[in-house]
Each structure stands twice: as structure tokens, then as C-alpha cells.
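The values are calculated or read from the model by the stated rules, or taken from the named source; none is laboratory data. Here the structure is a predicted model, which is why all the values come from computation and not from measurement. Using ideal geometry, Cβ is built from the backbone for each residue, glycine included, and neighbour counts are taken over all protein chains shown. We work out accessible area using only protein heavy atoms, side chains counted, and drop any ligands, DNA or RNA first. Shrake-Rupley method; radii C 1.70, N 1.55, O 1.52, S 1.80 Å.
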Amino acid sequence: MSVEDERRRRSERGHKHNERGRRFHLGMAEARGETRESGWRYEATVKLGNNRERRHDTARMNERGGLDFTEYKGGNLVGGDTTREQLAKDREILERDINARGSWVLVQGSASRDFRQQLEAMERDFGERFRVVEVSKAQAREARLAGRRIERERELAQPELFDSKVLRAEQRMRERAERLREKIRVQEAAQRAIEQQRLEREAQEREREFRARREAAERLAERMREEREAVARGGNPEMTGMEAKDFLALSGPPPGTHGPGHEAPQVTRGGSGRGQERGRDQYRDR
């Protein structure tokens, strides 16, 4: 699985998780009477020190002037780092506001062992001011269904909300399409770079071969001149190993012309100087 596929799967899982949690919150808040009509605010924010804040699922001012707040957790496993931080902030709120009261609503058995201990410590430290409410899985399912119904009713009552959801979904699709196009562009650029490197290597190799053939031809020409002079003086020069190597270098097709239509002549070492001269004459005629 590619990195992009894994990122998309995590995004989809996160979206479904948020949707389940939102619907659990809406349905359960309605069942508990925590509605806007009764004075509750959704996603209510409390300012804390050091530029921090705590956002509760529902909250309102109570008859004593303190804050009533509720946190809804509809997942099957509760107790991650973010959840622990939320509970720590709730402790801070209850400590500084003696009239504040808080509740956490969970699915039975969803709290991890150590987080359960933290919840029990909150109940022990604050008594009636902090309560943990556990609902059955069946009640959680009913709450999610009710939450879905509430969402649809709101969409029908406020079409602009539905339109905004459609627009957000379309935006997510465009973003995914753009990420896919970017991935393809990167792959194509990498492929072009690899192809360019291959062409450059081949060009360098051809240049080296041309240079080697030119140097071999220059050495042979100089050697032939020396041998002609030696023959004129009555000598019988032998072919050297370097001379044979240069003959072989020139016997093949030029760089870039390798193919079945190019056959290299045979070069034989040894023999009389006269035979060697005929072989050399053959290469002079090429």
C-alpha cells in the first residue's frame, strides 16, 4: 500500500470516528435533555490560563452561577492522550470554580483500566460535582441513530448546512484528486530524470569510444609511418601488442552503429612483415 493510500485510509477512519462521536453526542444529549431549548450550548469553550482552553460537548450556567458541562465519549476505547488532557482540564475547572459541575457519559466497558482509575479519582475528589454516566451498547446505538435523525432534520430545516456539507465533501474530493495528480507528476518527473541520466551516460560512453578510436587511429598512423621507414631501411618490423589492440579497436563499428549489418574484419597477429603490411593497408583503405 502506498503512502498516499494509507493517508487516505487514515483520513476516512478519522472521518467515520468523528461522525460516530458526533451522532452519539447529539442523540444522547437529546435523551438527557441537554438541548438548546433548555439553555445548553454545544461546543462551549472555557478559557484557561496560559492561553489554553477547554471545549465541552455541552455546557450551560447553572443556578449557582457556576458551569455545568458534559463530555460525551461514544467510542469503544476511551483513554488516549487527548482524552486524558481533557479530563485534566476538567479537574482544573472544578478546582477553581466551586459551583461547577461536570459529567462524562461513556459506553460501558470503553474506558481503559488506568483511565477508569482517573475517572474514579475525580468522583472521589469532587463527590456529587463530578459524575461518570455509563450507557449500554444498545443505548449507544440508539443514540447514534437519534443523532443521525437530528442531523437530517437540521439539514432539512437549514438547507445551507446541507449545502455546506456537500461543498466540503466536494472540496475533499478535489484535494484528493490534486494529491493524486501531484503524485503522478512526481512519478513522471522521476521517470524523466532517470531517462535523462541514461541518455547522458550513453552519450558519455559514445564520446569515450570515439576518443579511444581516434587515439588508436593516430597511434596506428604513426606506427605505420615508422614501419614504412624501417622497411625502406631493409627492416622487418613485428606487430606489437599495442598495435594489435588498436587494430581491434578500429575493427568494430563506430559507436552507436552496433548491429547485425556491421561485421568486424579478422586481424591475425604474427606472420611476415609483408603480411602485416597488407593487413594495415586494408585498414588504411577504410
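May I ask you to verify whether Thr82 is within 21 Å of Glu123 (Cα to Cα) and modelled with pLDDT under 95? Yes.
I want to confirm something. Restricting to region 99-111 and keeping residues that are more than 23 Å from Glu142 (Cα to Cα) and either assigned to a strand (DSSP E or B) or at pLDDT below 95 (or both), which single residue is most open to solvent (accessible area, probe 1.4 Å)? So, considering only residues that are more than 23 Å from Glu142 (Cα to Cα) and either assigned to a strand (DSSP E or B) or at pLDDT below 95 (or both), the one most open to solvent (accessible area, probe 1.4 Å) is Arg101. Taking every residue in region 178-192 that is on the phi < 0 side of the Ramachandran plot and pairing it with any residue that is at pLDDT below 90, at least 6 positions away or on another chain, the pairs with Cβ-Cβ distances below 7 Å are Arg179/Glu4; Lys183/Glu4. Within region 72-98, restricting attention to residues that are of a type in the set (Gly, Ala, Ser) and surrounded by fewer than 16 Cβ atoms within 10 Å (Cβ to Cβ), the residue that is nearest to Glu53 (Cα to Cα) is Ala88.
Against the conditions (1) more than 24 Å from Ala143 (Cα to Cα); (2) in a helix (DSSP H, G or I), Asn51 satisfies every one except (2).
Selection of region 54-82 for residues being closer than 22 Å to Phe115 by Cβ and not in a strand (DSSP E or B) yields Gly74, Gly75, Asn76, Leu77, Gly79, Gly80, Asp81, Thr82. Answer yes or no as to whether Glu37 is more than 24 Å from Ser110 (Cβ to Cβ) and not in a loop (DSSP other than H, G, I, E, B). Yes: the conditions hold for Glu37.
Across region 53-71, the number of residues qualifying as of a type in the set (Lys, Arg) and crowded, with 19+ Cβ neighbours inside 10 Å comes to 1.
Quick grid of which residues meet (1) at pLDDT below 75; (2) in contact with a Pro (Cβ under 8 Å, 6 or more places away or on another chain):
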{"site": "Glu209", "(1), (2)": "no, yes"}
{"site": "Ala221", "(1), (2)": "no, no"}
{"site": "Arg228", "(1), (2)": "no, no"}
{"site": "Glu238", "(1), (2)": "yes, no"}
{"site": "Lys245", "(1), (2)": "yes, no"}
{"site": "Asp285", "(1), (2)": "yes, no"}
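Table: residues versus (1) at pLDDT 70 or above; (2) under 28 Å from the mean Cα position of the chain (by Cα); (3) surrounded by 14 or more Cβ atoms within 10 Å (Cβ to Cβ).
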position: Met1; (1), (2), (3): no, yes, no
position: Glu6; (1), (2), (3): no, yes, no
position: Arg9; (1), (2), (3): no, yes, no
position: Gly14; (1), (2), (3): no, yes, no
position: Arg20; (1), (2), (3): yes, yes, yes
position: Ala29; (1), (2), (3): yes, no, yes
position: Gly33; (1), (2), (3): yes, no, no
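Quick one: which residue in Glu120, Glu155, Glu151 is open to solvent by 20 Å² or more (accessible area, probe 1.4 Å), of a type outside the set (Ser, Thr, Tyr) and in contact with a Leu (Cβ under 9 Å, 6 or more places away or on another chain)?
Within the list Glu120, Glu155, Glu151, the selection yields Glu155.
Contact annotation: residue pairs with Cβ atoms under 8 Å, 6 or more positions apart or on different chains, pairing a residue in region 196-213 that is within 16 Å of Leu250 (Cα to Cα) and free of Cβ contacts under 8 Å to residues at least 40 places away in the same chain with a partner that is part of a helix (DSSP H, G or I) and open to solvent by less than 80 Å² (accessible area, probe 1.4 Å), are Ala212/Ala249. Among the residues here, Ala193 qualifies as of a type outside the set (Val, Ile, Thr), open to solvent by less than 60 Å² (accessible area, probe 1.4 Å) and at pLDDT 75 or above.
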